[in-house]
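Take a look at the structure set out below.
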Amino acid sequence: MTENNNIRYSKKAGLLPGSLVHIGKKKAENIKLTLFSFNEEMYEENEIIDTVKMLPSLDDGKVKWLNMDGIHKIDVIESIGKYFGLHNLLLEDVLNTQHRPKIEYYEDHMLFTLKMLGINKSGNKIISEQISFVLGENYLISFQEQQGDIFEQIRDRIRNKKGKIRQKKADYLFYALIDAVVDNYYIIIEHFSEKVERIEQQVIDNPNEKTLKEIQLLKKQLIQLRKSISPLREAVSSIIKDETDFIEKENIKYLKDVYDHIIHLMDSIESQRDTVSGLKDLYISELSNRMNNTMKVLTIIATIFIPLTFIAGIYGMNFDNMPELHYKYGYPIAWGVMILITMGMVIYFKKKKWL
């Protein structure tokens, strides 16, 4: 846990359980509340300005989807909690953005939290945002840390009566939103898959210190990705096994499909983690091979110059009794012998495939 997180958690020291304190970064200056109210025949979409006067009626038979962007205003969270009868422990979990994906059941509603992930513009950092869903009998509340999400297609399906969403209840909307988050994970996985392939080619072509740093960063990001997705598998599995009254039996099959997608994502992450671990070994191996090739070339060059150095050393002594010193063709003969030796050794090394 980082120092900043310790400071945020220290705000809760000594407080009673259920005390509402925002734990996490403030990611939005202003909050935004949007309400969708719909059934098969019609829908309404409104932005809520006054939470006291404009919260929806829950007894008109329509499905209500209340979305809140920005969760740092405690008074608004409290107003929503009082109106819908939400437990304070639930609201406490909504305000704590450091939670791993989880599910909690209460008397007439349930809480489901998960992480919505993205990649920053430079493509080298995972952006994580916690989303909390509160599912009741005929309503769904979604709490997001900031504006901008991946649910626009869901909103479009509500507005234009596409698919089954207007024919179903709040639990189907709950499934659709979770499914959108999980589908977005595939985009993250594909990004990392392309990154792994690029780094692998870089390791083969030109391994350097920068490549090693990229491998280490990629390994950390995959660990972060696994920590964000792995608990979601347990949470979705819990809904399927518990057969809770909050989810109609005919919609359990859709959640099973989401569960299968999560399993597939986890397999992909594990595969990429193994590949990245192999990249480090490949990096070390490539550096070792390059070093061996360099040493081999230097050794061959040194071996070629050993006899040449020997000949030059013999005839560099300049003793008076050396007959070759006064021979007319001694100098060109010495050069010829050294050239022949060099050519012979080069040919020999090439036949041995050392060059």
- Share of the chain's accessible area from carbon and sulfur, percent, 1.4 Å? 53
- Item | Within the chain: Cβ-based charge dipole about Cα centre, in debye rounded to nearest 20 (Lys, Arg +1; Asp, Glu -1) | 1640
- Message: Taking loop as defined by DSSP and a crowding limit of 12 other beta carbons within 10 Å, which GluC sites (Glu not before Pro) in segment 88-123 fit?
- Response: E107
- Could you state the accessible area per residue of segment 210-342 in Å², with a 1.4 Å probe and every protein chain left in place? 65
- Message: Can you work out the Karplus-derived ³J(HN,Hα) for every residue in segment 266-276? Use 6.51 cos²θ - 1.76 cosθ + 1.60 with θ = phi - 60°, whole Hz, and x for glycine or proline.
- Response: 5, 4, 5, 5, 4, 4, 5, 4, 5, 5, 5
- Item | Listed candidates [x] 1.69; [y] 1.12; [z] 1.17 - label of the one calculated as Cα Rg over 2.2 N^0.38 Å | [x]
- Message: From the phi angles alone, apply the Karplus equation (6.51, -1.76, 1.60; θ = phi - 60°) to segment 224-235 and give each ³J(HN,Hα) in whole Hz, x where the residue is Gly or Pro.
- Response: 4, 5, 5, 5, 7, 9, 4, x, 5, 4, 5, 5
- Task: As a check on your grasp of the helix formula, calculate [θ] at 222 nm for the chain: sum -39500 (n - 2.57) over DSSP H runs of n ≥ 4, divide by the residue count, round to the nearest 500.
- Result: -19500 deg cm²/dmol
- Checked segment 211-355 with the C-alpha gyration tensor, a ≥ b ≥ c its square-rooted eigenvalues, rounded below a/c of 1.5, otherwise prolate if a/b is larger than b/c and oblate if not; verdict prolate
- Farthest positive-ward along the chain dipole, Cα basis, beta-carbon charges - from I154, L217, G118: L217
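The values are calculated or read from the model by the stated rules, or taken from the named source; none is laboratory data. Fair warning: this is a prediction, and the values are worked out from it, not measured in the lab. So basically every Cβ, Gly included, is an ideal-geometry build from the backbone, and we count neighbours across all protein chains shown. When the accessible area is computed, the model is the full protein with side chains, heavy atoms only, and any ligands, DNA or RNA have been set aside. Shrake-Rupley method; radii C 1.70, N 1.55, O 1.52, S 1.80 Å.
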